[in-house]
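Worksheet: one structure, shown below.
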Amino acid sequence: MRRCRRPIWGVTMLRLEGVSAGYGPVTVLRDVAFEARAGEITCVMGRNGAGKSTLLKCVMGLVPATAGRILLDGRDIAALSAHRIPGEGIAWVPQGRRLFGPMTVAENLDVGLLVRKGDPALRERVLALFPRLRERLDQTSATLSGGEQQMLAIARALCLDPRVLLLDEPTEGLQPGMIALIREVVTELRGRGVAVVLVEQRTRAVIRIADRVVFMEQGRVAEVTGPLSPDAPQFRHYVGL
Amino acid sequence: MTARILALHLAVLAALFAAQFVLPSYHVTSLARIMVLAVFAMGYNIAFGYTGLLSLGHALFFAAGMYGAGLPALHFGVGGGTALILGLLAGGALAGAAGLLALRTAGVSFMIVTLMFAQAGYLTILYFAEYTRGNDGFPVPATARSLFGFALSGDRMRYMTALLLFSAAMLACLALVRSRFGRIMVAMRENEERSRMLGYNPYAVKLTALAISGLYAGLAGAAYALLFGYAGASFAGIQYSILPLLYVLTGGAGTVLGPLVGTAVMFWLTDIASGLTSAWLMVVGVALVALTLFAPRGMLGLIRERWAKWLP
C-alpha cells in the first residue's frame with residue numbers, strides 16, 4: 001500500500017537469521033532463516049505443528065525469539081515490544097480473523113486507521129480493494145459472512161499501510177468464489193510492492209500466485225523453491241497432500 | 001456525533017431538570033443522590049463496560065475523592081470549589097497509581113489486586129483515625145459546603161449542583177466513548193491481542209481508562225461529601241466497590257445512560273422494598289435474578305440489542 005517514489009520490488013523487506021523461538025521450555029522454531037521480498041508472495045507450507053503460525057507470531061513479537069535476528073528493511077526488530085511492530089510496517093491477519101464483533105465495518109477500519117492518524121486517502125485506497133465492504137460500512141462485523149469477515153480482517157490490517165503483510169490461513173473455511181477474491185486482492189497487493197507472507201494448508205488455493213515457496217518441517221526451514229506446480233512432489237513430502 | 005444521540009442525552013438532562021419541580025421533596029433529594037452515584041457508576045462503566053476492566057477496588061477511588069475533598073476542608077478550611085477539585089484529582093491520581101501495579105495482572109488476579117488495594121485504603125482510613133476520624137467519619141464543615149457563595153445544603157442548590165456535575169460527566173463520557181480513544185477502549189475490551197497487533201499498547205490504554213474512571217469516582221466521592229455533608233470509612237468498604245458494578249450491570253454495561261438507569265432502578269427498588277418489608281434484600285435479589293434471565297446485557301443493553309442499535 002505504501003507508495004514509494006523508487007521501485008522497491010525484489011528488495012528483501014523481512015529477513016530472519018538463525019531464529020529460534022518457542023513456548024516456555026518447548027522450542028518450536030529452530031535456527032530459522034527466511035526472507036520475504038517487496039512485491040513478492042512468499043508461501044509458507046508445512047504440516048500441522050511445523051511451526052508456520054509460530055513463525056508469524058515470532059515476527060510480530062508475540063513469541064519472543066530466543067536466538068537470531070529479525071530484520072525489517074535491515075533494522076533488527078526482535079527486541080521491540082509487540083505493540084511497536086505494526087508501527088514499523090508489519091501487519092498480521094491471524095487465523096480465525098478476530099474482528100471486533102460489536103463494532104461496525106467502518107469502526108473496525110477506523111481502529112486500524114487511528115494508528116495512521118485516520119488518513120482518509122488510505123481508507124479510500126483500502127476500500128477500493130474491497131468494494132463489498134464499502135456497501136456494508138454500517139453493518140456490525142459479527143453479522144458479516146465468513147468471506148466478508150476475512151476481507152475486513154485483511155482491510156483492517158492494510159489500514160496500517162504495511163510494507164510486509166502476514167496472512168495466516170486466509171482461505172480457511174471459505175467457498176471457492178471468496179478464495180478467488182482474496183487471491184485477487186493478494187495479487188494486487190504484490191503489484192503495489194507489498195511483501196506478502198502467506199501461511200497456507202490448502203495448496204491449490206494459493207500456489208499459483210506464489211513467487212517463492214518455503215517448506216517447514218519440525219520447526220526448521222526444510223526447503224525453499226521458486227514457483228511450483230500444484231503437483232510438485234514437495235507437497236506430498238512436506239504437507240502430506 | 002449524530003443529532004439523534006445528542007438529542008436523546010439532552011432530553012434526559014432536560015427531564016432531570018424538570019423532575020425537581022414535579023417530584024416530592026424526599027424524591028428530589030433521592031434523585032440528587034442518584035445522580036452523584038450515577039457519576040460514580042459512569043466512571044466504573046468506563047473501566048468495566050468500555051475497557052473490560054472488572055475492578056473490585058473502586059471504593060478506594062470514591063473514598064479518595066470523598067476524603068480528598070473532606071480532609072482539606074476539615075483541617076485547612078478550604079472552600080467548596082477547591083475541595084471538589086482536590087477530590088477529583090485524588091481519585092484520578094490514586095486510580096493511576098493503583099493501576100500502575102494492578103494492570104500488571106489481568107482477569108481474576110486484577111479483581112483480587114484491586115480488592116486488596118481498596119481494603120488497604122479502608123484500613124488506612126481506620127489506622128489514621130486521628131486525622132480521618134476513623135469509623136465515625138466526620139461532618140464536612142459548613143465553610144466547604146458552598147460553591148460561588150451558594151450554600152450546598154439547601155435542597156434546590158444541592159439538586160442543581162448534582163445535576164450540573166452529572167451533566168458535565170455524562171457529556172464528557174459521551175464525547176469520550178465517541179472519540180478515537182473510546183474506540184480503542186472497546187477494541188481493547190473485545191480483543192486485547194488483536195489491538196496490540198494494530199499497534200496499541202494495552203497497558204497504556206488500560207491505565208489511561210482506569211485513571212479517567214478514577215477521576216469520575218473521585219468527583220462523585222467529593223460531590224457526595226460536599227452535597228450530603230459527611231465523609232466516613234464505610235464509603236471505602238467493599239460494598240462501595242460492588243455497588244457501581246451492580247448499577248452498571250443493571251443499566252447496561254457499555255452504554256452511556258446505563259449507569260444512570262441502573263443506579264435509579266437499584267436505588268428506588270431498595271428504597272421502596274425496604275419500606276414494604278424487612279426482607280427487602282430478597283426482593284432486590286429476585287429482581288436481579290429476573291434481570292439476569294431476561295436482560296443479561298442490562299436494561300439499556302437490551303434496548304440497544306433489540307430496538308436502538310445506535311445507542312452509544
Exercise for review: May I ask you to verify whether A:PHE235 is aromatic (Phe, Trp, Tyr), open to solvent by less than 10 Å² (accessible area, probe 1.4 Å) and modelled with pLDDT of 90 or more?
Suggested key: no
Review point. All but one of (1) closer than 30 Å to A:GLU88 by Cα; (2) aliphatic (A, V, I, L, M); (3) touching a Ser or Thr at 6+ places or on another chain (Cβ under 9 Å); (4) open to solvent by 30 Å² or more (accessible area, probe 1.4 Å) hold for B:VAL265; which doesn't?
Key: (1)
Point to revise | Flag for B:ARG189 being free of Cβ contacts under 8 Å to residues at least 12 places away in the same chain and not hydroxyl-bearing (Ser, Thr, Tyr) | key: no
Review point. Of B:ARG194, B:ARG189, B:ARG183, which residue is within 14 Å of chain A (Cβ to nearest Cβ), open to solvent by less than 30 Å² (accessible area, probe 1.4 Å), within 30 Å of A:LEU62 (Cα to Cα) and of a type outside the set (A, V, I, L, M, F, W, C)?
Key: B:ARG194
Exercise for review: Restrict the check to the range B:162-178 and report whether at least one residue is outside any helix (DSSP H, G or I) and open to solvent by less than 20 Å² (accessible area, probe 1.4 Å).
Suggested key: no
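Each row is one residue, and each column tells you yes or no for (1) more than 14 Å from every other protein chain (Cβ to nearest Cβ); (2) basic (Lys, Arg); (3) more than 26 Å from B:GLY81 (Cα to Cα).
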position: B:LEU176; (1), (2), (3): yes, no, no
position: B:SER179; (1), (2), (3): no, no, yes
position: B:LYS206; (1), (2), (3): no, yes, yes
position: B:LEU215; (1), (2), (3): yes, no, no
position: B:LEU219; (1), (2), (3): yes, no, no
Review point. What are the residues in the range A:136-194 that are under 15 Å from A:CYS43 (Cβ atoms) and in contact with a Ser or Thr (Cβ under 7 Å, 6 or more places away or on another chain), if any?
Key: A:ASP168, A:ILE179, A:ILE182
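Each row is one residue, and each column tells you yes or no for (1) within 23 Å of A:VAL224 (Cβ to Cβ); (2) touching a helix residue (DSSP H, G or I) at 6+ places or on another chain (Cβ under 9 Å); (3) at pLDDT 90 or above.
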| position | (1), (2), (3) |
| --- | --- |
| A:ARG5 | no, no, no |
| A:ASP31 | yes, no, yes |
| A:GLY39 | yes, yes, yes |
| A:ILE70 | yes, yes, yes |
| A:ARG84 | no, no, yes |
| A:GLY87 | no, yes, no |
| A:PRO94 | no, yes, no |
| A:ARG98 | no, yes, no |
Study note, to complete from the structure: Of those in the range A:73-91 that are in a loop (DSSP other than H, G, I, E, B) and within 12 Å of A:LEU16 (Cβ to Cβ), the residue nearest to the other protein chains (Cβ to nearest Cβ) is A:ILE77
Check your understanding: Residues in the range A:62-72: is at least one more than 24 Å from A:GLU124 (Cα to Cα), in a loop (DSSP other than H, G, I, E, B) and not hydrophobic (A, V, I, L, M, F, W, C)?
Key -> yes
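For every residue, the table says whether it meets (1) modelled with pLDDT of 95 or more; (2) part of a helix (DSSP H, G or I).
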position: B:TYR224; (1), (2): yes, yes
position: B:THR250; (1), (2): no, yes
position: B:GLY254; (1), (2): no, no
position: B:PHE267; (1), (2): no, yes
position: B:ASP271; (1), (2): no, yes
position: B:SER278; (1), (2): no, no
Check your understanding: Inside the range A:92-181, counting only helices (runs of 4 or more DSSP H) that do not spill past its ends, which hold 3 or more residues that are closer than 17 Å to B:ALA187 by Cβ, open to solvent by less than 10 Å² (accessible area, probe 1.4 Å) and within 14 Å of chain B (Cβ to nearest Cβ)?
Key -> A:105-113, A:146-158
Practice item. Just name the residue that is most open to solvent (accessible area, probe 1.4 Å) out of those in the range A:36-67 that are farther than 24 Å from A:GLY10 by Cα and β-branched (Val, Ile, Thr). Key: A:THR66
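The values are calculated or read from the model by the stated rules, or taken from the named source; none is laboratory data. Quantities reported herein were computed from a predicted structural model and do not represent experimental measurements. When we count neighbours, we look across all protein chains shown, and the Cβ atoms used for this are built from the backbone with ideal geometry, even at glycine. These accessible areas exclude ligands, DNA and RNA; they are computed on the full protein's heavy atoms, side chains included. Shrake-Rupley method; radii C 1.70, N 1.55, O 1.52, S 1.80 Å.
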